[in-house]
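As structure tokens, the structure follows; a few thoughts come after it.
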Protein chains: 2
Amino acid sequence: MNVEKEKLEKAAFILKTIAHPTRLAVIAQLQDKEELSVNELMEITGCEQSLLSHHLINMKTKGLLKVRKEGTSAYYSLKEINLGSVLTCIEKCNCHM
Amino acid sequence: MNVEKEKLEKAAFILKTIAHPTRLAVIAQLQDKEELSVNELMEITGCEQSLLSHHLINMKTKGLLKVRKEGTSAYYSLKEINLGSVLTCIEKCNCHM
DNA sequence: ACATTACTTGGCTATTTGTCCAAATTATAG
DNA sequence: CTATAATTTGGACAAATAGCCAAGTAATGT
């Protein structure tokens with residue numbers, strides 16, 4: 001029962017972390033592009049730089065992304081996770097609200 | 001592109017709605033119990049009544065649950081959606097933070 | 001009619017989240 | 001050394017969320 005509760009909390013934590021259009025967009029992109037710089041993600045998502053940086057760092061500190069720094073650039077990628085499947089699930093849910 | 005954006009917003013909306021331990025617990029239960037009263041959900045989740053009611057009504061107004069009232073009881077159930085799959089996805093993600 | 005059970009409502013407060021903006025860092029190019 | 005490009009940081013503020021509590025409604029049993 002307590003294990004169950006812990007599981008739910010962990011799941012909720014992850015869901016909360018990804019539950020934002022910009023962050024979902026980032027995840028979706030990283031799912032097939034492997035790794036992208038902040039600049040590239042800026043262009044793709046249309047999100048302002050510092051705000052995007054906040055999102056990325058947030059996802060990184062929560063364990064969903066990792067960074068590789070090269071020159072002046074920071075390349076973000078998914079941390080070994082298949083998070084895209086969550087997006088697919090949601091799509092399949094076909095919840096029409 | 002705009003369609004894509006709309007999709008992401010919708011997905012984020014749903015994820016935000018379910019991203020809470022109690023709410024996930026409710027969804028998980030309703031996935032196999034079909035429908036449960038507020039009282040039953042209270043016992044299962046250990047959540048206080050009025051708070052649980054808030055959660056349930058919230059999920060209902062956002063289109064994830066539906067209610068059937070019978071006597072003094074309210075029976076909640078999933079609104080035609082396979083939301084449980086999201087939980088399974090998250091579990092499979094195996095994100096260790 | 002009255003009490004009880006089951007649920008909802010609304011107000012209040014604390015906390016978290018999202019966004020913006022200006023300043024700071026850091027690496028490279030000239 | 002200076003300028004520029006790329007990213008991070010931190011403050012400030014509004015809005016959303018979570019939780020608690022007290023009061024309200026509504027159906028049923030006595």
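Data for the structure
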| read-out | value |
| --- | --- |
| Label-point separation, A:ILE57 to A:MET42 (7 Å along Cα→Cβ), nm | 1.5 |
| Inter-site label distance for A:LYS16 and B:THR88 at 7 Å from Cα along Cβ, in nm | 2.6 |
| For A:THR88, solvent-accessible area (1.4 Å; no DNA, RNA or ligand), Å² | 60 |
| Averaged over A:42-53, number of beta-carbon atoms from partner chains that fall within 10 Å | 0 |
| Candidate lysines - alpha carbon under 24 Å from A:LYS66, same-chain residues fewer than 8 apart omitted | A:LYS7, A:LYS10, A:LYS16, A:LYS33, A:LYS79, B:LYS16, B:LYS92 |
| For the stretch B:14-19, Karplus couplings with θ = phi - 60° (6.51, -1.76, 1.60), whole Hz, Gly/Pro x | 5, 4, 4, 5, 9, 6 |
| Net dipole in debye of the protein assembly as shown [+1 Lys, Arg Cβ; -1 Asp, Glu Cβ; about Cα centre; nearest 20] | 220 |
| Cα pair distances in the protein assembly as shown, grouped into 10 Å bins until the bin that holds the longest one, percent each | 9, 35, 31, 17, 7, 1, 0 |
| Convex hull of the stretch A:2-93 built on C-alpha atoms - directionally averaged projected area, nm² | 6.5 |
| Distance (nanometres) between label positions extended 7 Å along Cα→Cβ at A:LYS5 and B:LYS69 | 3.2 |
| Heavy-atom accessible surface of chain B: percent carbon and sulfur, 1.4 Å | 49 |
| Partner chain coverage, peptide A:20-33 - average Cβ within 10 angstrom | 3 |
| Area accessible to solvent at B:ARG68, 1.4 Å probe radius, in Å² | 100 |
| For A:GLU35, distant residues with modelled amide H under 5 Å away | none |
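The values are calculated or read from the model by the stated rules, or taken from the named source; none is laboratory data. All figures in this text were calculated on a predicted structure; none of them were measured in a lab. For neighbour counting, all protein chains shown are included, and Cβ atoms are generated from backbone atoms with ideal geometry for every residue, glycine included. Remember, those area values only see protein heavy atoms, side chains included, never the ligands or the DNA or RNA. Shrake-Rupley method; radii C 1.70, N 1.55, O 1.52, S 1.80 Å.
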